[in-house]
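Colleague: My questions all concern the structure below.
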Amino acid sequence: MANSSTDILFHNYPQSPVAEKVRVVFGMKNLAWRSVEIPRLAPKPMLTALTGGYRRTPVMQIGADIYCDSQCIIRELERRFPSPSVLPVGDAGLLWGLSRWTDGALFDLAVKIVLGSAGENLPADFALDRGRLYFGKNWAEGLKQANVQLPHLAAQMRAPMSWLDTQLADDRPYLLGTEPTLIDAQIYHVVWFIDGRWSAGPNFLSEFKHLKHWQKRVASIGHGTSSELSPEEAIRTARNNESMSATGVAANDPQGLRVADVISITPDVDGGEQSVTGTVRFADAETVTIEREDESCVKVCVHFPRAGYRIEPH
Ligand SMILES: N[C@@H](CCC(=O)N[C@@H](CS)C(=O)NCC(=O)O)C(=O)O
C-alpha cells in the first residue's frame, strides 16, 4: 500500500567527504535522518537497485524519490526544509556558482593530493576503483604523477586555503558572516578530507590559524540527529511509497526533452561509470528526474542535477 513517507534516508559511509558535506547541512538545518551504510567500493547492489546504476556517494532517499549528487540533495533539502536556510536570499546564485569550483577543481585537487600521497600504500582494489573514477582510463599513470607532483599540488591547495584564511581574518564566525551557509559546508568537506586523509594535512593546515578556528566551529555544528537503517529497509521504503515528484519539462529545454522520453544520464567526467536509464518525468535548468523500475518492480523517481551530468536520448 503506497503512502507518503517524508523520512530522510541517507545512503553514505563515514569516511566519505562528499557525504560529510551533506551531514554538515543536516546539522545546519538540525534535521533528523536515517543513515543507510553503503560499501566504499563498487559494486553496491542495494544502492544501485534504487539509483539504476549511479554508484557515487552520497545518495538521499525520501520515500520513492532518490536524489543523486550532493548538489541535487542540498537543493531538495532546502526546498523541503527551508528554515534555517543555507542559501541566504541575495547570495544563492553566486553560492551555487562557487559550489561548481569547490565540487570540481578544488575537490579534484584534494583527491589527487590524498590518493597521490598514499602512493604504494593504497590497497590495490581501492586504487583500481578510485583511480579509474578520478584519473580516467590512464589512471595508473595519473596516480603515479599525483605522487611525483605532490609539492606542486600542495602549492595549488595552499593558495585557496590562504584566501579563505584571509576571508576569516576579521574573526567572523562563518565565511559569509554570522550565520553558516552552504559555502561553509562546501569548503569544510575539502578541509576535513585533507586534514583527515592526507598524512601531511594537519601540518599543512596549521599555518592557517583563522581557518583552523573556523574548522572547529563548523565541526561543532554537528550532523543533526541520525539513526541507522538497513539497506533492505530502505528498499522496502521505496517499494511502499510513491514518488512525490512534479511532472513536466520547463520551456526552452536545450536538449528538447519531453515527458516520457527515454534517456540515459551519466556524470559528465571520464570515470568509467554506468549510466542510468529511465523516462523523463521532470526537467528544468537545474534538475532532471527520471522514472524507473528495477527487476523486482520497485518504482522510483531518480533526480540528478543538470550541471555536471550528460543526458543522452535513446
Ligand atoms: N558530484 C558528486 C561527487 C560524489 C563523489 O565523487 N563521491 C565520492 C565519495 S566522497 C565517491 O563517490 N567515491 C566513490 C564511491 O563512494 O563509490 C556529488 O557532489 O555528490
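Colleague: Within region 112-135, is there a residue that is part of a helix (DSSP H, G or I), aromatic (Phe, Trp, Tyr), free of Cβ contacts under 8 Å to residues at least 24 places away in the same chain and surrounded by 19 or more Cβ atoms within 10 Å (Cβ to Cβ)?
Modeller: There is at least one residue in region 112-135 that is part of a helix (DSSP H, G or I), aromatic (Phe, Trp, Tyr), free of Cβ contacts under 8 Å to residues at least 24 places away in the same chain and surrounded by 19 or more Cβ atoms within 10 Å (Cβ to Cβ).
Colleague: Looking at region 172-202 only, could you name the residues that are touching a Leu at 6+ places or on another chain (Cβ under 9 Å) and part of a strand (DSSP E or B)?
Modeller: Tyr174
Colleague: Ok, one more. Of the numbered conditions (1) closer than 26 Å to Lys212 by Cα; (2) within 16 Å of the ligand (Cβ to nearest atom), His152 satisfies every one except a single condition; which is it?
Modeller: (2)
Colleague: Taking the condition of being under 12 Å from Ser16 (Cβ atoms) and out of contact with any helix residue (DSSP H, G or I) (no Cβ under 6 Å at 6 or more places or on another chain), how many residues in region 34-43 meet it?
Modeller: 4
Colleague: Given the residues Val298, Val259, Val288, Val218, which is the only one that is surrounded by 13 or more Cβ atoms within 10 Å (Cβ to Cβ) and over 28 Å from Ser35 (Cα atoms)? Spell out the reasoning first.
Modeller: Working: Val298 fails: over 28 Å from Ser35 (Cα atoms); Val288 fails: over 28 Å from Ser35 (Cα atoms); Val218 fails: over 28 Å from Ser35 (Cα atoms).
That would be Val259, the only listed residue that is surrounded by 13 or more Cβ atoms within 10 Å (Cβ to Cβ) and over 28 Å from Ser35 (Cα atoms).
Colleague: Go through region 64-94 and give me each residue that's surrounded by fewer than 22 Cβ atoms within 10 Å (Cβ to Cβ) and on the phi > 0 side of the Ramachandran plot.
Modeller: Gly90
Colleague: Out of (1) in contact with a strand residue (DSSP E or B) (Cβ under 8 Å, 6 or more places away or on another chain); (2) closer than 29 Å to Arg132 by Cα; (3) among the charged types (D, E, K, R), the odd one out for Lys21 is which?
Modeller: (1)
Colleague: Grab the strands (runs of 3 or more DSSP E) fully contained in region 203-314, keeping just those with 3 or more residues being under 19 Å from the mean Cα position of the chain (by Cα) and hydrophobic (A, V, I, L, M, F, W, C). Explain how you work it out, then say what you get.
Modeller: Details: elements: 225-228, 262-267, 276-283, 287-293, 299-305, 309-313.
Because the criterion is at least 3 residues that are under 19 Å from the mean Cα position of the chain (by Cα) and hydrophobic (A, V, I, L, M, F, W, C), the strands (runs of 3 or more DSSP E) in region 203-314 that meet it are 299-305.
Colleague: What pairs can you find where one residue is in region 231-249 and touching a residue at least 40 places away in the same chain (Cβ under 8 Å), the other is part of a loop (DSSP other than H, G, I, E, B) and among the β-branched types (Val, Ile, Thr), and their Cβ atoms are less than 8 Å apart, with a gap of 6+ or different chains?
Modeller: Hits for this filter: Pro231/Ile38; Ile235/Val298; Ala238/Val298; Arg239/Val298.
Colleague: A further question follows. All but one of (1) more than 22 Å from Ser245 (Cβ to Cβ); (2) touching a helix residue (DSSP H, G or I) at 6+ places or on another chain (Cβ under 8 Å) hold for Leu77, so report the exception by its number.
Modeller: The one condition Leu77 does not meet is (1).
Colleague: On the given criteria, is Ile113 touching a Leu at 6+ places or on another chain (Cβ under 9 Å), away from the ligand (no atom under 13 Å from the Cβ) and at pLDDT 95 or above?
Modeller: Yes; evaluated as a whole, the condition is true for this residue.
The values are calculated or read from the model by the stated rules, or taken from the named source; none is laboratory data. What you see is a predicted model; the values in this text were computed from it and never measured. All Cβ positions, glycine included, derive from the backbone under ideal geometry; neighbour counts span all protein chains shown.
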